Amino acid sequence: MSIKITMLGTGAALLDPDRGHSSIAVTIGEKTYLLDCGTDASRQLVKANIDPTTVEAVFLSHLHFDHIADFPVFVIGNWMADRQTAPIVFGPQGTQEFVDHLFEEGAFAVDIKARLQYPQRQNNAIALRPDVRLMAPGLIYEDDSVRVIAGLVDHIPEEISNCFGLRLEAEGRVVAFSGDTAPCDTMLELARDADLLIHEATFPEAAIEFRSKAGIGTYSHTSPRQLGVLAKEAGVKSLVATHFGHWDSTNPIVRKLAAKHMPVAMMGPHLMDEVAADIREAYEGPLRLAHDQMTIHL
């Protein structure tokens, strides 16, 4: 079976008309697996001609809103599309509480109660009741198409929430996904000899010193130079950099919103060349800089 990766959302946490929040569809044969479910993920699935009801499982790397905000849209949209099974969702500690606050007894209770007046909606109410499974390091999921291995990475302080990177093994190939993380040994092992590593490169080198002085969490992400070193050390066959912090935007509102993260004067598409060059200092293999709706075939 072929493996197709569709980059549904490739931006970081700010609002950006050109980049949705983090989400990746991995399609293996007739099945799709969703890595993160950030804002606009469900609409982007449909735009990519992927039926949301074919998603076998959703894997939430961590509970920052830009990685989970579309999950209620995904669930309710699947319900309205006549999905007949409970969606499976994996996530860190806190995922059950997140889900419990959303549906029949939560934020969308009025909407659901109104729609349940119709027999057609009553017949598949199971689709509103996600099967929540908590992640832990090691093998977390396996079916006849894929094995998914999780590992703890370094993003949010562990006393607040765990964050996970993932390794998907299918058809003799490996896709690794970082979630959000600073460089760490776990991600190095998850990415070892991967056919494709999809890894965050949230801020260019030029923004990191500025963020350090502003105190906005500089060390919770991976710089392009660090990513190049990691990809080389892991021996990955190809690399996709993603989760860009909007520094390539020319939109005046995005630039205003990003001003606390980097000097606005440095922002623009030209930074893409700098990021690629910084990754290339160490990594010589095939490299792509992600954009929404980018597709990759393995």
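Points to keep in mind about this one:
- Conditions (1) touching a residue at least 24 places away in the same chain (Cβ under 8 Å); (2) farther than 26 Å from Phe203 by Cα: number failed by Leu60: (2)
Yes/no matrix, rows are residues, columns are (1) touching a residue at least 60 places away in the same chain (Cβ under 8 Å); (2) of a type in the set (Gly, Ala, Ser); (3) touching a helix residue (DSSP H, G or I) at 6+ places or on another chain (Cβ under 9 Å):
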{"position": "Ala170", "(1), (2), (3)": "yes, yes, no"}
{"position": "Gly179", "(1), (2), (3)": "yes, yes, yes"}
{"position": "Leu188", "(1), (2), (3)": "no, no, yes"}
{"position": "Ile198", "(1), (2), (3)": "yes, no, no"}
{"position": "Glu209", "(1), (2), (3)": "no, no, yes"}
{"position": "Ser223", "(1), (2), (3)": "no, yes, yes"}
{"position": "Gly245", "(1), (2), (3)": "yes, yes, yes"}
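- The residue list Glu189, Glu159, Glu209, Glu171 contains one member that is surrounded by fewer than 16 Cβ atoms within 10 Å (Cβ to Cβ), closer than 23 Å to Thr32 by Cα and out of contact with any Asp or Glu (no Cβ under 8 Å at 6 or more places or on another chain), which is Glu171.
- Summed over region 270-298, residues that are of a type in the set (Asp, Glu), surrounded by fewer than 14 Cβ atoms within 10 Å (Cβ to Cβ) and not in a loop (DSSP other than H, G, I, E, B) total 1.
- Asp36 being under 10 Å from the mean Cα position of the chain (by Cα) and either at pLDDT 95 or above or over 22 Å from Ala176 (Cβ atoms) (or both): yes
Condition check ((1) surrounded by 14 or more Cβ atoms within 10 Å (Cβ to Cβ); (2) within 26 Å of Arg167 (Cβ to Cβ); (3) among the aliphatic types (A, V, I, L, M)) across all residues:
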residue: Asp193; (1), (2), (3): no, yes, no
residue: Pro204; (1), (2), (3): yes, no, no
residue: Thr222; (1), (2), (3): yes, yes, no
residue: Lys232; (1), (2), (3): yes, yes, no
residue: Thr250; (1), (2), (3): no, no, no
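The values are calculated or read from the model by the stated rules, or taken from the named source; none is laboratory data. Bear in mind that the values here come from a model prediction, so they are computed numbers and not experimental data. Neighbour counts are summed over all protein chains in view; Cβ atoms, including those assigned to glycine, are modelled from backbone coordinates with ideal geometry.
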